[in-house]
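The next block holds one structure in the form of structure tokens; read it before the comments.
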Amino acid sequence: MTEATKQTGTCLCGAVRITANNSSNKVGACHCGMCRKWGGGPFMEIDCGTDVSFEGEDDITVYNSSDWAERGFCKKCGSHLFYRLKESGQHMIAVGLFDDQENFVFESQVFIDKKPSFYSFSNKTKNMTKAEIFEMYGSSNK
Ligand SMILES: [Zn+2]
Ligand SMILES: [Zn+2]
């Protein structure tokens, strides 16, 4: 079962502080083309649900990346902070920001069929293709 805990973290420069009150400990990686453009590689995130607060919100720029989601980053240091679903307010927060990295488990990889061949993770994870994701969540809900 997913263990929900409070997690805190910061961006690289410290201007933005994150508190996730109901964070999962499961790490997911997304290999889709948008995430790889955004971060320069796969996006590794923690599902933090909707109970997330930020200090230094003035230093967050939110990029409207699709009809259903937006992506936040620190305008001072460029750290990628979150992928957020507009309708639900659900935050997927970049795992590297969190202070405590010890209790995380790498659990799943999505858009595995979009992963370029020059890298692959050796962890045993649940992997889903684009078609499987669309089947699970309905048409274009990524
Ligand atoms: Zn920063
Ligand atoms: Zn992605």
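Counting the residues of the range 66-107 that are buried (at least 16 other Cβ atoms within 10 Å of the Cβ), farther than 21 Å from residue 14 by Cβ and of a type in the set (Ser, Thr, Tyr) gives 1. For residue 64, the criteria (1) farther than 27 Å from residue 119 by Cα; (2) touching a residue at least 12 places away in the same chain (Cβ under 8 Å) hold in every case but one, which is (2). Pull up the range 3-18, narrow it to residues that are more than 6 Å from ligand 1 (Cβ to nearest atom) and either more than 16 Å from the chain's Cα centre (by Cα) or open to solvent by 30 Å² or more (accessible area, probe 1.4 Å) (or both), then point me to the one that is farthest from residue 82 (Cα to Cα). My answer is 3.
Going by what's in this entry, would residue 35 be described as farther than 21 Å from residue 21 by Cβ, outside any strand (DSSP E or B), of a type outside the set (Ser, Thr, Tyr) and away from ligand 2 (no atom under 12 Å from the Cβ)? Even if it seems obvious, please write down each step before you answer.
Numbers: farther than 21 Å from residue 21 by Cβ: yes; outside any strand (DSSP E or B): yes; of a type outside the set (Ser, Thr, Tyr): yes; away from ligand 2 (no atom under 12 Å from the Cβ): no.
Criteria not met by residue 35.
Scanning the range 9-32 for residues that are in a loop (DSSP other than H, G, I, E, B) and either among the β-branched types (Val, Ile, Thr) or in contact with a Leu (Cβ under 9 Å, 6 or more places away or on another chain) (or both) yields a total of 3. Going by the structure shown, is residue 31 within 12 Å of the chain's Cα centre (by Cα) and open to solvent by 50 Å² or more (accessible area, probe 1.4 Å)? Here the answer is no, as residue 31 does not meet what is asked.
Criterion applied to 58, 113 was being under 24 Å from residue 6 (Cβ atoms), of a type in the set (Asp, Glu), out of contact with any strand residue (DSSP E or B) (no Cβ under 8 Å at 6 or more places or on another chain) and at pLDDT 95 or above, and the one residue passing it is 58.
Evaluate the following for residue 84: is it away from ligand 1 (no atom under 16 Å from the Cβ) and either in contact with a Phe, Trp or Tyr (Cβ under 7 Å, 6 or more places away or on another chain) or in a strand (DSSP E or B) (or both)? Here the answer is yes, as residue 84 does meet what is asked.
The values are calculated or read from the model by the stated rules, or taken from the named source; none is laboratory data. Remember, predicted model here, so these are calculated numbers, not experimental data. Positions of Cβ are generated from backbone atoms using ideal geometry, with glycine treated the same way; all protein chains shown enter the neighbour counts. Please note that ligands, DNA and RNA were not included when accessible areas were found on the heavy atoms of the full protein model with its side chains. Shrake-Rupley method; radii C 1.70, N 1.55, O 1.52, S 1.80 Å.
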